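To start, the structure under review is shown below, and the notes come after it.
The values are calculated or read from the model by the stated rules, or taken from the named source; none is laboratory data. What you see is a predicted model, and the numbers here were worked out from it, not measured in a lab. Please note: Cβ atoms are built from the backbone with ideal geometry, for glycine as well, and neighbour counts cover all protein chains shown. Just the protein is used for accessible areas: all its heavy atoms, side chains included, with ligands, DNA and RNA removed. Shrake-Rupley method; radii C 1.70, N 1.55, O 1.52, S 1.80 Å.
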Amino acid sequence: MRIYSRILGTGSYLPENRLTNADLAAELALQGVETSDEWIVDRTGIRARHFAADDQGSSDLATEAARHALAAAGISADDLDLIIVATSTPDMVFPSVATMVQNKLGTAGCPAFDVQAVCSGFIYALTIADAMIQSGSVKRALVIGSEVFSRILDFQDRTTCVLFGDGAGAVILEASDQPGILATDLHADGKYKDILCVPGHVNRGGILGDPVLKMDGQAVFKLAVGVLEDTARASLAKANLTDADIDWLIPHQANIRIMQSTARKLKMSADKVVVTVDQHGNTSAASIPLALDTAVRDGRIHRGQTLMLEGVGGGFTWGSVLLRY
Ligand code: ACO
């Protein structure tokens, strides 16, 4: 009998400090950087984002999200066989955020590691956890996307600093004979590394290169809409399903125009797309589990519905997870 990975519970966490576009525009104006609510809403759909406090790292956000997911699943941290954190903004070069989360949750022993695939990170992490559950080696997995992108933004660059926010989302997966994750699809193409990157790195006690986000927005946009359609179709084909079987599309929350365009290509109406980019901005690896948890908690997503989760991000990386909730 096939072993499926089923979502037992979801959770999320947003830092307290919420900035509307007007708040951010006022702060940027003090530094001589001009932007407006109108420009940001019109080009991206973003209205607000949360920024972590100075003493909060990815592991703190991830731990809060994990606590909510564990409570929703009705299990304790000691019941976990695996912890994976998707992040591009770890607390330290090493150890991993996942081991820090494990310790903050007051447990020890199970494997814990990070996955770095930028905005596709949660899709990658979910796929790895699913494979480990299907192999029979793991029964319960905690999978988290957590980011503090505010730490790697250049607040002199208005073309990027208005787009991102901080946050974390988590799911608990459990082995089950009921579906479950139905199909997964992952890809990468390293030749696109320069269109979205943070080129700085630690070198002999200092930072070499520029440790802030650089993006060619139009190149990213063009690539994203193409690969998001392709990967959704690939997962559907693997599960022998069609566009019409999807109840909810939960895409990476980068830009409302990318999401609308993907929905159109999949012949889905806009009201079947879970949108949180307006309130969260782009939280990279955290955006999909944050959107999922939002729609589970507000009652939109019901047990038995079919969800298409899909992401695209730096690398370039992209992929999708099709599941029965
Ligand atoms: N406020 C006001 N004006 C701005 C701002 C701002 N924050 N940023 C740029 N502008 C100006 C530019 O200077 C330019 O002015 P000019 O015409 O006088 O030179 C004008 O707006 C247009 O700039 P463009 O960069 O051409 O704007 P575009 O329409 O391409 O929109 C955007 C930029 C929103 C980044 C778009 O390219 C996009 O959505 N790209 C997708 C990238 C994305 O979402 N990335 C997220 C990370 S990647 C990921 O998560 C997959």
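Could you work out which residue, out of Leu30, Leu126, Leu163, moves most in a Gaussian network model of the chain, that is, has the largest mean-square fluctuation with Cα springs under 10 Å?
Result: Leu30 has the largest fluctuation of those listed.
I'd like the distance between the alpha-carbon centres of region 131-190 and region 272-325, rounded to an integer number of Å.
Here the answer is 10 Å between Cα centres.
Quick one: accessible surface of Thr99, probe radius 1.4 Å, all protein chains present, in square angstrom to the nearest 10.
50
Take the residue pairs Lys214/Lys272; Lys139/Lys238; Lys193/Lys267; Lys238/Lys267 and return only those whose Cα atoms are more than 26 Å apart.
Lys214/Lys272; Lys193/Lys267
Rolling a 1.4 Å sphere over the protein heavy atoms, what is the accessible area per residue of the chain, to the nearest Å²?
Accessible area per residue, the chain: 41 Å².
For the chain, which whole percent of the accessible surface, found with a 1.4 angstrom probe, sits on carbon and sulfur atoms?
Answer for the chain: carbon and sulfur cover 51 percent of the accessible area.
At 0.890 mPa s and 25 °C, plugging the Kirkwood radius over alpha-carbon pairs of the chain into Stokes-Einstein gives what diffusion coefficient in µm²/s?
Stokes-Einstein gives a translational diffusion coefficient of 126 µm²/s.
With springs only between Cα atoms under 10 Å, which of Ala239, Ala77, Ala48 fluctuates most in a Gaussian network model of the chain?
The residue that fluctuates most here is Ala239.
Which is the longest run of the chain containing none of the GluC sites (Glu not before Pro) found in DSSP loop states (not H, G, I, E, B) with at most 14 other C-beta atoms within 10 Å?
35-325
Which of the helices in the chain meet the span-like rule: DSSP H, Cα axial reach of 24 Å or more, Kyte-Doolittle mean at least 0.0?
217-238
Say we join alpha carbon atoms closer than 10 Å with springs in a Gaussian network model of the chain; which of Arg47, Arg257, Arg303 then has the biggest fluctuation?
Arg303
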